[in-house]
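One structure below.
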Ligand SMILES: Nc1ncnc2c1ncn2[C@@H]1O[C@H](COP(=O)(O)OP(=O)(O)O)[C@@H](O)[C@H]1O
Ligand SMILES: [Mg+2]
């Protein structure tokens, strides 16, 4: 039996841009009525070129920004995305990882405190418990106890993204939204972080919304794929369906472009996993 963790219905977001000296006010229709559904332990990939509305949708799903219209359900509960009052429970349930982990990490905060902070704000756990949980999470994302007292600048890009993922998981969320999480990393590091995300998903039955413009990454990580084009979902289905028979002309153009990720090392891992 599959459980639906996330469901969006006809989500719309307009941005109203105030007029300047020579231009009148205008409206950008960033997201034009998008619907989707993600079951527990699965990954929905959202793919499309820059400006098609992916990050806008990510911010709506994670309740950072309000929607203009539409319905959202998380763990079957309706969330008011238009009025958007962020409750403590929802802050715990939905987490986001951005493309640039350095921008989202406080340079003056030690990693141990970065990981302990969500617990400090949202739970009653003692300092000792927070430390213990942070240490455990460091290990889960492939870092060690020795990293606990270090600052963000002492890490590589890939390690910083591991830290951002660790922080996102501290509150045991239902849903993780990843907005271009590996796009700023070197190819070999991309593969490592993708493998980590796949392992964490298996271990914790995590549900992902994974945003990317890179189809080789999407092909590896996705169960379902939604292709966005100028704010609309022009294609939506299982990964195999969408890749085997892209319906929309934009998707066919997109698929004709060269993939970037380190497919060889990703394939090697999949083979290893199958053998195990
Ligand atoms: N805060 C904002 N104010 C006005 N327009 C915005 C804002 N954020 C995004 N947009 C516009 O909405 C559209 C979608 O942007 P975005 O969601 O960032 O796309 P993507 O993440 O796919 O690159 C773009 O036309 C962008 O310029
Ligand atoms: Mg974006």
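Tabulated values for the structure
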item	result
Scope region 185-197; condition at pLDDT 95 or above and over 28 Å from residue 113 (Cβ atoms); matching residues	none
Residue match in region 221-235 (condition: away from ligand 1 (no atom under 16 Å from the Cβ), more than 18 Å from residue 99 (Cβ to Cβ), modelled with pLDDT of 90 or more and outside any loop (DSSP other than H, G, I, E, B))	yes
Residues of region 147-172 that turn out to be within 12 Å of the chain's Cα centre (by Cα) and part of a loop (DSSP other than H, G, I, E, B), as a count	0
Selection from region 88-115 of residues that are in contact with a helix residue (DSSP H, G or I) (Cβ under 9 Å, 6 or more places away or on another chain) and farther than 27 Å from residue 185 by Cα	88, 91, 92
Residue 182 buried (at least 23 other Cβ atoms within 10 Å of the Cβ), more than 30 Å from residue 27 (Cβ to Cβ) and within 16 Å of ligand 1 (Cβ to nearest atom)	yes
Qualifying residues in region 185-206 (those that are under 20 Å from residue 41 (Cα atoms) and not in a helix (DSSP H, G or I)) - the one nearest to ligand 2 (Cβ to nearest atom)	206
Residue within region 174-184 that is at pLDDT below 95, in contact with a helix residue (DSSP H, G or I) (Cβ under 7 Å, 6 or more places away or on another chain), part of a loop (DSSP other than H, G, I, E, B) and away from ligand 2 (no atom under 16 Å from the Cβ) present	yes
Lone qualifier among 157, 112 - being more than 16 Å from ligand 2 (Cβ to nearest atom) and either over 24 Å from residue 58 (Cα atoms) or at pLDDT 95 or above (or both)	112
All positions within region 16-64 that are farther than 16 Å from residue 94 by Cβ, in contact with a helix residue (DSSP H, G or I) (Cβ under 8 Å, 6 or more places away or on another chain), within 10 Å of ligand 1 (Cβ to nearest atom) and not in a loop (DSSP other than H, G, I, E, B)	30, 31, 47
Matching residues, region 65-99, being more than 18 Å from the chain's Cα centre (by Cα), crowded, with 16+ Cβ neighbours inside 10 Å and assigned to a strand (DSSP E or B)	70, 71, 79
Test: residue 7 is within 15 Å of ligand 1 (Cβ to nearest atom), surrounded by fewer than 20 Cβ atoms within 10 Å (Cβ to Cβ) and either closer than 25 Å to residue 100 by Cβ or touching a residue at least 60 places away in the same chain (Cβ under 8 Å) (or both)	no
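The values are calculated or read from the model by the stated rules, or taken from the named source; none is laboratory data. Just so you know, these numbers come straight off a predicted model, no measurement behind them. All Cβ positions, even for glycine, are placed from backbone atoms using ideal geometry, and neighbour counts span all protein chains on display.
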